[in-house]
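Shown next, in structure tokens, is the structure this report addresses.
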Amino acid sequence: MNKANRSPAWESAFLAAISIGSALLLWWVLSVSGAVDAVLLPPPGSVLAALWETLRDGSLWIHIGTSMLRVVKGFALGFVIAVPVGILMGSSLAAFRLINPLMEFLRPVPPIAIIPLAILWFGIGEVSKVFIIAYGSFFPVLVNTIAGFSEVQPVLVRAARTLGASPVRIFTDVVLRSALPFIIVGARLGMSMAFIVLVAAELIASSEGLGYLINDARYNFRTDRVFLGMILIGLLGLALNRLLVLIEKRLLRWRQA
């Protein structure tokens, strides 16, 4: 992207503040005016009170830490399996034809549908939760990795080979570099999917985690805590996404140059 077309940092921050501020204002008006029942749509003040309540009893940090650990473990497992499989399928037509039918069969199956199977295989402990999150984050990474290696321009490979580059150097300096932006996009999508699956994974006999917090609040009709859990998941997902963006900028400095 041309630097001249980039918006200044202050402009991006200003527009983001307007967007978030408008949403908060609309939320407050709907809940306080009585247009929506405050039990169904609690005002922001009630959510802040629930935040203070969970901070004071110390349960909030336990829920956040437990969910973050599960998301990181599940995403990491899905990522380290998806990338090699994606490289193999993107680099070899025979491997693609062999593996792709199975992947296309499994990909439409939602993670929530494999919860009973995960319980039968791994029980109701942490392993089943991590497995479900890994399953959800696997396919976005896989699809983007395949696309990245499929889009490598053959002329670049031929040019590197003509210049005397070894197969290893061609792979690391040409093929992998060309595919890396796709892999990172897949990682960001996979991380988002990990948070989406988190709530479903924590329905399995959990006593801790943000998904448990939301589900327990639903049973007790504490919509303020439901909103609190949703907001915290969104903030944690945003933070991890920003981390991946920073990693992307560092790894792809050559594109900016």
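Just a few scattered comments:
- Considering (1) closer than 24 Å to Val85 by Cα; (2) crowded, with 19+ Cβ neighbours inside 10 Å; (3) of a type outside the set (Asp, Glu); (4) modelled with pLDDT of 85 or more, the lone condition that Leu189 does not fulfil carries the number (2).
- Val127 without any contact (Cβ under 8 Å) to a residue 24 or more places away in the chain, under 25 Å from the mean Cα position of the chain (by Cα) and outside any helix (DSSP H, G or I): no
- Counting residues in the stretch 148-168 that are within 20 Å of the chain's Cα centre (by Cα), modelled with pLDDT of 75 or more and within 30 Å of Glu53 (Cα to Cα) gives zero.
- Scanning the stretch 162-171 for residues that are surrounded by fewer than 16 Cβ atoms within 10 Å (Cβ to Cβ) and within 18 Å of Ser92 (Cβ to Cβ) yields a total of 2.
- Contacts under 8 angstrom Cβ, first residue in the stretch 166-186 being in a helix (DSSP H, G or I), partner among the basic types (Lys, Arg), 6 or more apart: Ile170/Arg161; Pro181/Arg255
- Where helices (runs of 4 or more DSSP H) fall entirely within the stretch 201-257, those with at least 1 residues that are among the β-branched types (Val, Ile, Thr) and either in contact (Cβ under 8 Å) with a residue 24 or more places away in the chain or surrounded by 14 or more Cβ atoms within 10 Å (Cβ to Cβ) (or both) are at 210-219, 223-251.
- Applying a threshold of 9 Å to beta carbon distances and a minimum spacing of six or more residues, or different chains, the list of pairs starting in the stretch 134-149 at a residue that is crowded, with 24+ Cβ neighbours inside 10 Å and ending at one that is among the basic types (Lys, Arg) and not in a helix (DSSP H, G or I) reads Leu142/Arg107.
The values are calculated or read from the model by the stated rules, or taken from the named source; none is laboratory data. Here the structure is a predicted model, which means the values were calculated and not measured. Glycine gets a Cβ as well: all are built from the backbone with ideal geometry, and neighbour counts include every protein chain shown.
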